[in-house]
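Taken together, the values in this text are just the output of simple stated rules run on the coordinates, not laboratory data. For clarity, every value in this text was computed on a predicted model and none was experimentally measured. When we count neighbours, we look across all protein chains shown, and the Cβ atoms used for this are built from the backbone with ideal geometry, even at glycine.
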Ligand SMILES: [Zn+2]
């Protein structure tokens, strides 16, 4: 059974904010984790863009996938200190972990938001 990302963030004492965290190019910025304040920030621009294109359910799914992705970053770092250092390799490991743990593939929304 997959874990639920909103509840998992709460259980870990991590807040979630939807806020403007910047521009699109060159890289689509969907979410970030602030380790100092223990908050996951989801880019309001990404949420709005997907809501306009695909509706409210898709916008909520984006938030869930973004939280799962940021939690997966933390979990991969904790449990696998020898994580590969190259960014693309890290992202692959994180996406695999998010899919296995939360049942959410983070790559689908990147395509939807292009
Ligand atoms: Zn990532």
- DSSP-defined beta bridges in the chain - what % are antiparallel, rounded to 5: 45 percent
- Would you mind checking the tilt of helix 44-54 against the longest principal axis of the Cα atoms of the chain, expressed as 0 to 90 degrees and rounded to 10? 60 degrees
- For the chain, what is the relative contact order in percent, using Cα pairs closer than 8 Å and at least 6 residues apart in sequence? 26 percent
- Per the Kirkwood treatment, what hydrodynamic radius in Å, one decimal, follows for the range 5-112 from the mean inverse distance over all distinct Cα pairs? 14.1 Å
- Starting with the highest mean, order 68-75, 40-47 by the number of other Cβ atoms within 10 Å, averaged over the residues of each peptide. 68-75, 40-47
- Compactness of the range 61-113 as Cα Rg over 2.2 N^0.38 Å, two decimals: 1.07
- Task: Measure nothing fancy, just the Cα-based angle from helix 87-102's long axis to the longest principal axis of the chain, in degrees from 0 to 90, nearest 10.
- Result: 90 degrees
- Can you give the angle from 0 to 90° between the axis of helix 56-79 and the longest principal axis of the chain, with both taken from C-alpha atoms, to the nearest 10? 20 degrees
